[in-house]
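The values are calculated or read from the model by the stated rules, or taken from the named source; none is laboratory data. Note that the structure is predicted; figures quoted are calculated from it, not measured. Because the Cβ atoms are built from the backbone with ideal geometry, glycine has one as well, and the counts that use them run over all protein chains shown.
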Amino acid sequence: MKSRPTANPPNRFHDAIVRYDEGEGPPAAQITLIEDQSRSILSHNDSPDVGFSWSCNPYRGCQNACAYCYARPSHEYLDLGAGTDFDTKIVIKPKAAELLREAFDKPSWKGELVMFSGVTDCYQAIEAELKLTRQCLEVCLEYKNPVAVISKGALVERDIDLFTELAKEVGFHLSVSLAFVDDELARKIEPWASSPSRRLKVIEKMAKAGVPVGVMCAPVMPGLNDDQMVRVLESARDAGATSAGWVLLRLPGAVKQVFEERVRVALPLAADKILHRIRETRGGQKLYDSRFHTRGRGEGVYAQTLAQLFDTTVKRLGLDRRDDERDFVTKFQRPPKKTAQLSLF
């Protein structure tokens, strides 16, 4: 099924030309880049539902255009929309590496794990041109600061040299986000992300190179992809993944509308069943519950069944090693300051 054309008139901001793998794009609408002049790059997280405290987001918005992305409402704080604006108006931080270096130089920084990224895919297509994520990772290597990366992008293969060096010298882990094994179904829900089959090749390549790599089975969407969870985990293990995590579908704010509209267009005969199943994991009436400890796991019999299925499968496959910031022992060290050499004359 082809995605419907998306209206996105050009504006005064820079329009980027990006490259996609064969068969992996491009989106119907032109991508517009908007420069962000933020004075900081690290975001602190105090949610008990995630395994990291600090994240680095070189971008905001995401070209993957996943209907379920929980970060969509963040675009509304920029006076942009959570729908096609989030997919096509990408905010970039051109000084990301410089800002990260400044953060690491502050006496208060103790070398904690930094996650790339919290509200975007740091390896979305525009990264091939701008290299903001790579520049930030080079700073992490320079300061020996531990790093974790989560991405759907096959572009991560470009930086395998950095990943291996980080893993050897600093502490590094890559999680490949994988919600489907069915390429055709995935394309309907996450239209411009790398295909599941392509992501499995990423896991295989990373594992063979000695890069610590796991699979994030996320999001699990009741009635839509929950029947693929076991196959996702088995396929990832066979490709070389050594750990796994999962998150239940989250639909905060405007994401509910974006997701429901996409499902009704792409899967009209199954839409009502999918929405009903989602509500079963959210108290029976709601599509989302924002409470800590509940938003990422749900509640009720159906949610408990999904959790048990995941736990028993990862144990059977040997994927029950969990990775979070507590697993990283920091080797953080600021490099010597470079000073200009004075002339002898």
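Being touching a residue at least 60 places away in the same chain (Cβ under 8 Å) and on the phi > 0 side of the Ramachandran plot is true for just one of LYS144, LYS131, LYS110. Which residue is that? Every option except LYS144 fails the conditions. Out of region 249-264, which residues are more than 13 Å from ARG279 (Cα to Cα) and crowded, with 16+ Cβ neighbours inside 10 Å? Listed by number, the residues that qualify are PRO252, ALA254, VAL255, VAL258, PHE259, ARG262, VAL263. Just to be sure before I move on: is TRP192 farther than 21 Å from ALA303 by Cα and among the aromatic types (Phe, Trp, Tyr) in the structure I sent? In short, yes. When each of LEU185, LEU174, LEU178 is tested for being surrounded by 24 or more Cβ atoms within 10 Å (Cβ to Cβ), free of Cβ contacts under 8 Å to residues at least 60 places away in the same chain and more than 13 Å from CYS122 (Cβ to Cβ), the lone residue that passes is LEU178. For region 31-78, a residue qualifies if it is charged (D, E, K, R) and either modelled with pLDDT under 95 or buried (at least 22 other Cβ atoms within 10 Å of the Cβ) (or both), and the qualifying residues are ASP36, ARG39, ASP46, ASP49, ARG60, ARG72.
Taken over region 135-154, the criterion of being of a type outside the set (S, T, N, Q) and part of a strand (DSSP E or B) is satisfied by VAL147, ALA148, VAL149, ILE150. Sort through GLY223, GLY245 and tell me the only one that's outside any helix (DSSP H, G or I), on the phi < 0 side of the Ramachandran plot and surrounded by 18 or more Cβ atoms within 10 Å (Cβ to Cβ). The conditions single out GLY245. Of all positions in region 287-294, at least one carries a residue that is modelled with pLDDT under 95 and charged (D, E, K, R). When each of VAL176, VAL202, VAL181, VAL211 is tested for being in contact with a strand residue (DSSP E or B) (Cβ under 8 Å, 6 or more places away or on another chain) and assigned to a loop (DSSP other than H, G, I, E, B), the lone residue that passes is VAL211. Within region 319-339, the set of residues being assigned to a loop (DSSP other than H, G, I, E, B) and modelled with pLDDT under 55 comprises ASP324 only. Yes or no: ARG279 touching a helix residue (DSSP H, G or I) at 6+ places or on another chain (Cβ under 6 Å), assigned to a helix (DSSP H, G or I), modelled with pLDDT of 95 or more and not acidic (Asp, Glu)? It is false that ARG279 is touching a helix residue (DSSP H, G or I) at 6+ places or on another chain (Cβ under 6 Å), assigned to a helix (DSSP H, G or I), modelled with pLDDT of 95 or more and not acidic (Asp, Glu). If we scan region 79-97, do we find a residue that is part of a loop (DSSP other than H, G, I, E, B), among the hydrophobic types (A, V, I, L, M, F, W, C) and under 15 Å from the mean Cα position of the chain (by Cα)? There is no residue in region 79-97 that is part of a loop (DSSP other than H, G, I, E, B), among the hydrophobic types (A, V, I, L, M, F, W, C) and under 15 Å from the mean Cα position of the chain (by Cα).
Okay, residues lined up against (1) in contact (Cβ under 8 Å) with a residue 40 or more places away in the chain; (2) among the β-branched types (Val, Ile, Thr); (3) touching a helix residue (DSSP H, G or I) at 6+ places or on another chain (Cβ under 7 Å):
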| position | (1), (2), (3) |
| --- | --- |
| ILE90 | yes, yes, no |
| SER117 | yes, no, no |
| ASP121 | yes, no, no |
| SER151 | no, no, no |
| LEU155 | no, no, yes |
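A single entry from VAL91, VAL119 fulfils the requirement of being at pLDDT below 95, out of contact with any His (no Cβ under 7 Å at 6 or more places or on another chain) and surrounded by fewer than 24 Cβ atoms within 10 Å (Cβ to Cβ): VAL119. Tallying residues that are part of a loop (DSSP other than H, G, I, E, B), in contact with a helix residue (DSSP H, G or I) (Cβ under 9 Å, 6 or more places away or on another chain) and farther than 15 Å from ALA65 by Cβ within region 249-270 yields 6.
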